[in-house]
1. Could you check how many residues of the stretch A:143-170 are touching a Lys or Arg at 6+ places or on another chain (Cβ under 9 Å) and outside any loop (DSSP other than H, G, I, E, B)?
2. Among the residues of the stretch B:230-243, count how many are within 18 Å of residue B:295 (Cβ to Cβ) and either open to solvent by less than 60 Å² (accessible area, probe 1.4 Å) or assigned to a loop (DSSP other than H, G, I, E, B) (or both).
3. Among the listed residues A:34, A:51, A:5, which satisfies the condition of being without any contact (Cβ under 8 Å) to a residue 60 or more places away in the chain, within 16 Å of DNA strand C (Cβ to nearest atom) and within 30 Å of residue B:328 (Cα to Cα)?
4. Across the stretch A:9-19, what is the total count of residues that are open to solvent by less than 40 Å² (accessible area, probe 1.4 Å) and either among the hydrophobic types (A, V, I, L, M, F, W, C) or more than 8 Å from DNA strand C (Cβ to nearest atom) (or both)?
5. Enumerate the pairs (first residue in the stretch A:178-196 and touching a residue at least 12 places away in the same chain (Cβ under 8 Å) and hydroxyl-bearing (Ser, Thr, Tyr); second residue anywhere and open to solvent by less than 10 Å² (accessible area, probe 1.4 Å) and assigned to a helix (DSSP H, G or I)) with beta-carbon separation below 7 Å, excluding pairs fewer than 6 apart on the same chain, so at least 6 apart or on different chains.
6. Report yes if some residue within the stretch B:69-77 is polar (S, T, N, Q) and away from DNA strand D (no atom under 14 Å from the Cβ); otherwise report no.
7. Could you run through the stretch B:1-49 and say how many residues are in a helix (DSSP H, G or I), more than 9 Å from DNA strand D (Cβ to nearest atom) and among the polar types (S, T, N, Q)?
8. If you scan the stretch B:324-342, which residues turn out to be more than 10 Å from chain A (Cβ to nearest Cβ) and in contact with a helix residue (DSSP H, G or I) (Cβ under 8 Å, 6 or more places away or on another chain)?
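The values are calculated or read from the model by the stated rules, or taken from the named source; none is laboratory data. Note that this is a predicted model, so its numbers are computed, not measured. All Cβ positions, even for glycine, are placed from backbone atoms using ideal geometry, and neighbour counts span all protein chains on display. Surface accessibility is based on the protein's heavy atoms, side chains included, excluding ligands, DNA and RNA. Shrake-Rupley method; radii C 1.70, N 1.55, O 1.52, S 1.80 Å.
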There are 2 protein chains.
Amino acid sequence: MARPTVHDIAREAGVSLATVDRVLNARPGVRAQTVSRVREAVERLGYVRDTYAANLARQRHYRFAFVLPDGPNQFLDTFRAALREAAEAQAADRLSARIEAVPAHDPHAVVRMLNGLPLSRLDGVAIMTPETPQVRDAVGRLKAEGIPVVALVSDLPNSPRDHFVGINSFQAGRTAGVLMGRFIRSDAARILAVTNSMQARDSIERRLGFDQVMAEDFPGMAVLPSIESHDDPERMARIVEEAFRSTPDIAGVYSMGPGNVPLLETLRRIGRARDLVVVAHELTPTTRAALLNREVDAVINQNVGHLVRSALRVLRAKCDGAEIFEAQERIRIDIVLRENLP
Amino acid sequence: MARPTVHDIAREAGVSLATVDRVLNARPGVRAQTVSRVREAVERLGYVRDTYAANLARQRHYRFAFVLPDGPNQFLDTFRAALREAAEAQAADRLSARIEAVPAHDPHAVVRMLNGLPLSRLDGVAIMTPETPQVRDAVGRLKAEGIPVVALVSDLPNSPRDHFVGINSFQAGRTAGVLMGRFIRSDAARILAVTNSMQARDSIERRLGFDQVMAEDFPGMAVLPSIESHDDPERMARIVEEAFRSTPDIAGVYSMGPGNVPLLETLRRIGRARDLVVVAHELTPTTRAALLNREVDAVINQNVGHLVRSALRVLRAKCDGAEIFEAQERIRIDIVLRENLP
DNA sequence: TTGTAGGCGTTATCAC
DNA sequence: GTGATAACGCCTACAA
C-alpha cells in the first residue's frame, strides 16, 4: 500500500541496497542479468525515487549566477525584484541565485564577468545580454567547464547555451502589429515606430514582425522608419516632436524598446497622448499607469515571474540531467489591456 | 560558510537538538528564556529549514482529490490532461491527485461525492462546481474535519473554502467587451451574446462585465439579450439561425460559455463565420483552430496548466500551514489572438 | 561484481 | 523542561 522504497526493491530482486542504487543511477559494475532483475522489481512494485531523500543524501545544492545589465531600466528593476523574491522563496530548497551586475552597453564587461566567474562554486549561469562573438566564446568556455547556461530574454542562438528563456521577438512584434491595426479605427493611417536602438536584435525582430502583419492585414497603413533615442531622454523628446511636426497625421505609436517615460512625456507635452493608439512592450510602473489613464492602449509583456522561475527550473533540470517540461517553460506573449491588468 | 543546520543552532544556543526542534516547530514545553536563546541563535546564524530533510523525516505526503464535472467538454478535457501531467511530474515529490468525476448538472451528485470522500486518506480537496447551499454545507463539513478546500474555476464565495483558483469572471467579461468594441470597425453595431445557460454565475458575471464596457466605451453598440443553448447542439443551431434571421445587422458574437463547436458550425452554415468579430472563452482545439482560420478573433483564456499547478501549490501550502505567495497564485486573464497563440 | 555501514538534516520517541 | 537516540529514504565510501 505504502510507496515502495529501495529496500523493497532490494528484497524483491534479492540483491543489496548498493546494487539497487547502482542500477537506479546507471552506474557501472553490475552484471547485465542483475540489472534486469532489479529493473523488473522496480517495474513490478512501481517504484519512484523520492527526490527529497535523494537530494538530501547527495548534499545537492544549486548555486546560480545571473549576469544582468546594470543601469536604470524599469523592466530590469522588476526582473531583479522577481529574482530576489524567487531565490528567497527557494532558499529552503537549497537554491541560491546571485545577481552579477554588468555595465549596460559594454560587451567587454560582460565577457570579463563571464570569464571571471568562480566556476568551482557555481552550478549554472543565466545571461541577459546582446549576442557578440566574444560572448559566444565565453559561453563556450562555461559549457566546456560543464556549467549549464541559459540565455535570458535576449537569445544567444549561435552560442552553445542550453536553453533560451524568453519570447520570440518576431511573434511579439506581430502581436503588437495586429493590435495596432485593429485598434486604429480608420483604414488608412501612419504609424510611428520608436526604440532606443535598431542595433538591438530584439528591436529589429519586433519591427519585422510588426511590418509583416501591417503589410498582410492592414495594407492602407504605413509604418514610418524607426526613430532611435539611443537611451537619451532629450534626444527622444527631440526626435518624437520632429516626427509629429513633419508628419502630423500619425495615428499610432509603436514603442519597441525601453524609454517609455520620455516618450509618454513628450506625447503629453505636444498634446497627442490621448488621441493616438499606443502599443508598448513590458509591463512596468510607467506602462501600467499609462494603461490605466488610457495613454497606452496595449502592452506586450513577458511575465518576469515566469522568466525567473523558468530560468531557475531549467538550470536545476540541466544540473540534474533531467528532462525539462517544455509546455511549462514556454513563456507566453502576454497582451495586457486596461481591462485585464493583473 | 556552509548552511547552518539544527546541530549548529543547538551548539550555538547550548541546548540539545530536541529543544531546537521544539522551538522551531513552536511546540510547548520549553522555558521562555530557552526559546529566546534558540531564536537568537537561529537569527545569528541565518538558519533556514531544509525542506527536503524535513519532509523526509515527517513522512509527509499529500493526497488530494479533484472533484470535477464529467461529460463531454473540451475545456475539462484539457484541464484533466493538465492535472494528470502535473500529478505524474510531482509523484516523486510525494504528491498524488485523484480525479473524482461527478455527473455534470447534478448538484446532488456533487454533494454525495463530497460527503463520501475517504477523509482519513485525504489531505486536501479541489472542487469545480456551481455553488448551491448543499455544496456550501458539504465544504463546511470538510473544513470541520480539518481538510483544506479550494474552489476551482468557479468560486464558492459563500462557503468556507480556503482559496479560489481561477479568474474574475466580471473582469474577463470586460476584457472580452473591450476587444469586441475595438475590433468592430464601425461605431454602431449589434452584438449577439451566446451561452449554454444564464443560470451559471460565470455567464451572468461575464455578461455584466461585457455590458459595462460596452455602455462606457462603445455607446453606439447594442448587445442583444443572451440566447441560451442549454448544452443542446440542435437548439444552439436553431436559436443562432433565428437570431441572425430576425437581426441581420449583427456585427459581433460573444460566446460566453461552452458550445463553440455547434456555434461555429452554425455560423459557417449560414455563411457568417468570416465577416463577424467573434470573441470566445477558453482555448480548446476548437477555438485554437478557429483562431488560426480567422473565424474567431480573440479568445479569453485561463491557462489550465496554471490552474492545476496553482491548486496543487495552494493545497500543499494549506496542509503545511504555510503562507501562499499571492503574486504567483493570481491566475491571469489571457488574451489569445492568432498572433500570440502558444 | 556485490554487500555493509554510516551519514545527509530533520523529526519523533523515549527517558531523565 | 530537557536531552539522547533512532528513524525517514537514499547515496557512497570502503570492504569482501
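1. 7
2. Step one: list which residues in the stretch B:230-243 are within 18 Å of residue B:295 (Cβ to Cβ), which gives B:233, B:236-237, B:240-241, B:243.
Okay, now just the ones that are also either open to solvent by less than 60 Å² (accessible area, probe 1.4 Å) or assigned to a loop (DSSP other than H, G, I, E, B) (or both), so B:236-237, B:240-241, B:243.
Number of matching residues: 5.
3. A:51
4. First pass over the stretch A:9-19, keeping only residues open to solvent by less than 40 Å² (accessible area, probe 1.4 Å): A:9-10, A:13, A:15, A:19.
Restricting the remaining residues to those that are either among the hydrophobic types (A, V, I, L, M, F, W, C) or more than 8 Å from DNA strand C (Cβ to nearest atom) (or both) gives A:9-10, A:13, A:15.
Number of matching residues: 4.
5. From the stretch A:178-196, the pairs are A:195/A:203.
6. Initial filter on the stretch B:69-77 (polar (S, T, N, Q)): B:73-74.
Now drop any that are not away from DNA strand D (no atom under 14 Å from the Cβ), which leaves B:73-74.
Yes, the conditions are met somewhere in the stretch B:69-77.
7. 1
8. The first filter runs over the stretch B:324-342 and keeps only residues more than 10 Å from chain A (Cβ to nearest Cβ), leaving B:324, B:326, B:329.
Of everything in the stretch B:324-342, those that are more than 10 Å from chain A (Cβ to nearest Cβ) and in contact with a helix residue (DSSP H, G or I) (Cβ under 8 Å, 6 or more places away or on another chain) turn out to be B:324, B:329.
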